[in-house]
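Asker: Input: one structure, supplied below.
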Ligand SMILES: NC(=O)CC[C@H](N)C(=O)O
């Protein structure tokens, strides 16, 4: 009987990468002071016995780090393992446990390069499992619920925190400390309550099966860096990053992605020397940068990131530049993804 009911359940693989969801503090009062990436995936799974009611779950430790230290090579390693599992007939869904600091980058990366309609759910937590009101257990339970649900197929890479199902493209860590940290300018796609998903929206942008990018064809990612706009800014950081080998620079601009008059000449010069210049906005609740507004992008041959925040713009630029060095193609890609 047990064997029969196990057969009916979906097979979900949990790929663990570290973060606070695998963190541990000295006392239950330590909600913010703790070490990330301490617990192994087997302990995470053992900590939520109710996962067995949702799916046949098994775990793999892909890495064990705090997510601010994730490298491009780590992204490729994780992406390639996800693709292998997605190709496997006995895998129905994949959950990735991840630190929250760069969770939005990894989720967007996978959303662009994984050629599958199987659910891929990235999950983290804001408090370590040792803290009072730890959120990791429920977030993981919700992630496995979403990953084992056939309704989650074909919706792009998903993120589950705070009872919400968010699009991996849109969601961003918008607040720290608080458990309602992950928000999207365009709203969540759904809710997950007591192990059941409730859907309200679909993503409009290209992703996964409908993407022109494929992790299996990517062996390295180009260097793309970010420099920040603010009052009294100089062009030092932009020039230094380019000198250090950046193939594209993301301008984390003020407001509409505006660029200080003290930085414009350096960016025009860098573009002439082959560096792609991509204007985004660092406003907190979701930027919206349009071509030729604030700056003459046609004349400068620059690209705009539209609604992508600087860190997501970096991900898309890296992926796009594995295929093209043409600024018009790059701009097309920034509109479509
Ligand atoms: N809440 C978290 O997961 C943050 C912990 C750590 N800085 C990380 O991103 O891995």
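Asker: In this structure, is residue 299 within 23 Å of residue 215 (Cα to Cα) and more than 19 Å from the chain's Cα centre (by Cα)?
Answerer: It is false that residue 299 is within 23 Å of residue 215 (Cα to Cα) and more than 19 Å from the chain's Cα centre (by Cα).
Asker: From the list 157, 144, 123, which residue is within 13 Å of the ligand (Cβ to nearest atom) and in contact (Cβ under 8 Å) with a residue 40 or more places away in the chain?
Answerer: 123
Asker: Take the stretch 155-171 and flag every residue that is within 17 Å of the chain's Cα centre (by Cα) and surrounded by fewer than 22 Cβ atoms within 10 Å (Cβ to Cβ). Break it down stepwise before answering.
Answerer: Quick first cut of the stretch 155-171, residues within 17 Å of the chain's Cα centre (by Cα) only: 155-162, 164-171.
Result: 162, 164.
Asker: Within the stretch 76-87, can one find any residue that is without any contact (Cβ under 8 Å) to a residue 12 or more places away in the chain, out of contact with any helix residue (DSSP H, G or I) (no Cβ under 8 Å at 6 or more places or on another chain) and over 24 Å from residue 154 (Cβ atoms)?
Answerer: No, because not a single residue in the stretch 76-87 is without any contact (Cβ under 8 Å) to a residue 12 or more places away in the chain, out of contact with any helix residue (DSSP H, G or I) (no Cβ under 8 Å at 6 or more places or on another chain) and over 24 Å from residue 154 (Cβ atoms).
Asker: Further, regarding this structure: Under 7 Å by Cβ, and 6 or more places apart or on different chains, what pairs join a residue from the stretch 272-288 that is free of Cβ contacts under 8 Å to residues at least 12 places away in the same chain with one that is in a strand (DSSP E or B) and surrounded by fewer than 14 Cβ atoms within 10 Å (Cβ to Cβ)?
Answerer: Between residues of the stretch 272-288 that are free of Cβ contacts under 8 Å to residues at least 12 places away in the same chain and residues that are in a strand (DSSP E or B) and surrounded by fewer than 14 Cβ atoms within 10 Å (Cβ to Cβ), there is no close pair.
Asker: Find the helices (runs of 4 or more DSSP H) located wholly in the stretch 38-95 whose residues include 1 or more that are within 16 Å of the ligand (Cβ to nearest atom), and list them.
Answerer: Of the helices (runs of 4 or more DSSP H) lying wholly inside the stretch 38-95, those with at least 1 residues that are within 16 Å of the ligand (Cβ to nearest atom) span 41-46, 72-87.
Asker: I'd like to verify a number: residues in the stretch 10-37 that are near the ligand (Cβ under 10 Å from one of its atoms), surrounded by fewer than 17 Cβ atoms within 10 Å (Cβ to Cβ) and not in a strand (DSSP E or B), how many?
Answerer: Summing the residues that are near the ligand (Cβ under 10 Å from one of its atoms), surrounded by fewer than 17 Cβ atoms within 10 Å (Cβ to Cβ) and not in a strand (DSSP E or B) in the stretch 10-37 gives 1.
Asker: Filtering the stretch 224-274 down to residues that are touching a helix residue (DSSP H, G or I) at 6+ places or on another chain (Cβ under 7 Å) and in a helix (DSSP H, G or I), which residue is surrounded by the fewest Cβ atoms within 10 Å (Cβ to Cβ)?
Answerer: Restricting to residues being touching a helix residue (DSSP H, G or I) at 6+ places or on another chain (Cβ under 7 Å) and in a helix (DSSP H, G or I), the top hit is 268.
Asker: Just name the residue that is surrounded by the fewest Cβ atoms within 10 Å (Cβ to Cβ) out of those in the stretch 302-337 that are in a loop (DSSP other than H, G, I, E, B) and within 20 Å of the chain's Cα centre (by Cα).
Answerer: 322
Laboratory data are not the source of any read-out in this text; all were calculated from the coordinates shown. Just so we're clear, the structure is a prediction, and the values are computed from it rather than from any experiment. Quick reminder, even Gly has a Cβ in these numbers, built from the backbone with ideal geometry, and neighbours come from all protein chains shown.
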